[in-house]
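First the structure, in the form of structure tokens, and then the observations on it.
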Amino acid sequence: MRIIKIFLASSEELKNERVKIADLVENMNMKFKPLGISFQLVKWEYISATMNPMTKQEEYNEELRACEMCLVLWWRKFGMFTKEELDVAFNELCAGNNPQRLFVFFKKCEKPEEALLRFRDSFNGRYGHYPNFFASADSLNKELLLQILEYLSSILKDTCTIGVHGRKLSYDGKAIIDVSGYDFFSNNEEYKLLTDNERKTERLLSVISPEDPEYVEYAGELTELKKRIANLEDKLWKMALSFVRLRSKGCPQRLERSRELFYSGNMKGAMAVLDEDTIEGDVRHHLHLIDLGNEGRSGLAMCIDEYRLKHAMVITCRDEGWKHDAFTIERRVIELTKRLYGEDYFLECDREIGEYHEYVANKYASQGDYEDALDHMIKANKILARFRRSPMDDAILRDNFESIREFRERLGAG
């Protein structure tokens with residue numbers, strides 16, 4: 001059983017949120033325990049009151065260091081013990097220890113304590129991250145669920161598949177959690193159009209006899225709609241997790257604004273905010289720092305990730321000139337990745353590029369562009385073949401060869 005411990009730091013005034021989070025963790029255990037994964041919530045109510053040589057706060061801090069994830073909450077009051085737990089978690093995170101993920105949330109409040117207001121306003125300068133805000137326990141749980149699932153995806157990516165199919169989160173093909181309530185699904189214009197057409201077509205099929213010649217036509221339209229919805233769900237879900245992952249590293253203000261727009265359902269707005277000129281300005285700055293021998297590698301890696309996110313949005317929205325834009329961004333990603341790792345070491349580090357080509361190939365295929373899909377999948381397999389280490393690697397290569405065969409057949413048929 002894989003146990004993931006989550007430390008919860010907050011004051012008593014957020015009792016309702018603490019209870020709701022405990023309910024969320026228990027619900028996730030019901031879903032994931034049969035699959036070999038257990039979540040354990042650690043909070044002060046659960047820690048023994050038995051006397052020992054350590055103070056209670058020292059004991060809480062030791063418990064925190066044993067947790068993979070830490071969640072810190074504030075509302076109206078500035079609690080010094082909560083601040084101490086945040087600092088312990090942040091320092092351990094920066095040292096590469098547990099917790100592996102640290103999330104800080106402020107509950108929206110019109111009149112917080114002055115000390116909390118000063119701390120909140122200085123948060124980004126202190127920790128290099130933007131805090132999260134929430135309005136209710138339910139909205140907090142929705143955001144926390146995303147954070148947990150992103151972490152789960154990152155640690156299990158080599159052993160299982162986590163994705164979205166039919167508005168359900170699936171784990172190795174088993175549907176376990178309904179995720180259709182997220183605004184980046186329900187408020188996305190293309191998603192709304194496709195699901196509306198899906199419902200209309202299903203209603204038509206319910207009143208048309210299977211013997212009617214139009215039935216086959218509508219049934220084919222419904223199958224195609226479901227495929228397009230599934231493809232879009234997969235893209236939106238991966239983008240949402242990308243925002244979560246990048247935010248956990250500390251991110252520029254434009255990425256924070258893009259995240260807000262994307263989460264509200266406005267993907268085109270989110271794409272526009274990730275302006276290539278401003279990203280390139282940061283690229284030049286980080287390259288200059290690297291040339292001077294200063295720390296600029298992590299900043300350059302963030303810019304590369306921003307470009308990848310922008311690329312995913314470009315080939316999803318498919319606005320005028322999207323192919324040219326996608327190609328330009330793709331080439332820049334490859335150039336900067338080589339620059340980041342260095343030419344001498346690139347062959348040892350380019351599995352990520354192979355996976356990126358595979359990702360791009362599947363994106364193009366989902367849009368029906370099999371010529372570009374074929375080109376990228378061939379590049380992906382040439383690179384990934386050098387990294388065969390396990391039966392899973394062999395299975396990936398077989399799947400990619402099958403995709404290459406399918407793309408060629410479709411091009412031949414066209």
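Under 19 Å from a label point set 7 Å out along the Cα-to-Cβ vector of N197, the amide N atoms of region 232-247 belong to 232-236. Within the shell defined by Cβ-Cβ distances under 13 Å, the residues around R247 carry a net charge of 0, with Lys and Arg each +1 and Asp and Glu each -1. Computed from backbone phi with θ = phi - 60° and the Karplus coefficients 6.51, -1.76 and 1.60, the 3J(HN,Hα) list for region 357-368 is 4, 4, 4, 5, 4, 5, 5, 4, 4, 5, 9, x Hz; x is used for glycine and proline. Taking label positions 7 Å along the Cα-Cβ direction at both K157 and E59, the computed distance is 3.9 nm, reported to one decimal.
As a calculated quantity, the FRET efficiency between H288 and K77 at R0 = 60 Å, using C-beta atoms, amounts to about 0.85. Placing pseudo-labels 7 Å out from each Cα toward the beta carbon at R331 and A219 gives an inter-label distance of 4.8 nm. Using the Karplus relation 6.51 cos²θ - 1.76 cosθ + 1.60 with θ = phi - 60°, the per-residue 3J(HN,Hα) values for region 403-408 come to 5, 4, 4, 5, 4, 5 Hz, with x marking Gly and Pro.
With both labels modelled 7 Å from their Cα along Cα-to-Cβ, the R318 to D277 distance reads 2.9 nm. Oblate is the label for region 266-380, because the ratio a/c of its alpha-carbon gyration tensor axes (a ≥ b ≥ c) is 1.5 or higher and a/b is not greater than b/c. Between Q40 and I4, K5, I6, the built amide H atoms are under 5 Å apart, and every one of these is 5 or more places off in sequence or on another chain. Would you work out if region 2-158 is rounded, prolate or oblate? Take a ≥ b ≥ c from the square roots of the eigenvalues of the alpha-carbon gyration tensor; rounded if a/c is under 1.5, else prolate when a/b is larger than b/c, oblate otherwise. Rounded is the answer for region 2-158, as its axis ratio a/c remains below 1.5. Shape analysis of region 161-241 places it in the prolate category; the axes a ≥ b ≥ c from the Cα gyration tensor give an a/c of at least 1.5, with a/b above b/c.
The numbers here are math on the coordinates, done by the rules we state, and not lab data. As the structure is a prediction and not an experimental result, all values here were calculated from the model. Neighbour counts are summed over all protein chains in view; Cβ atoms, including those assigned to glycine, are modelled from backbone coordinates with ideal geometry.
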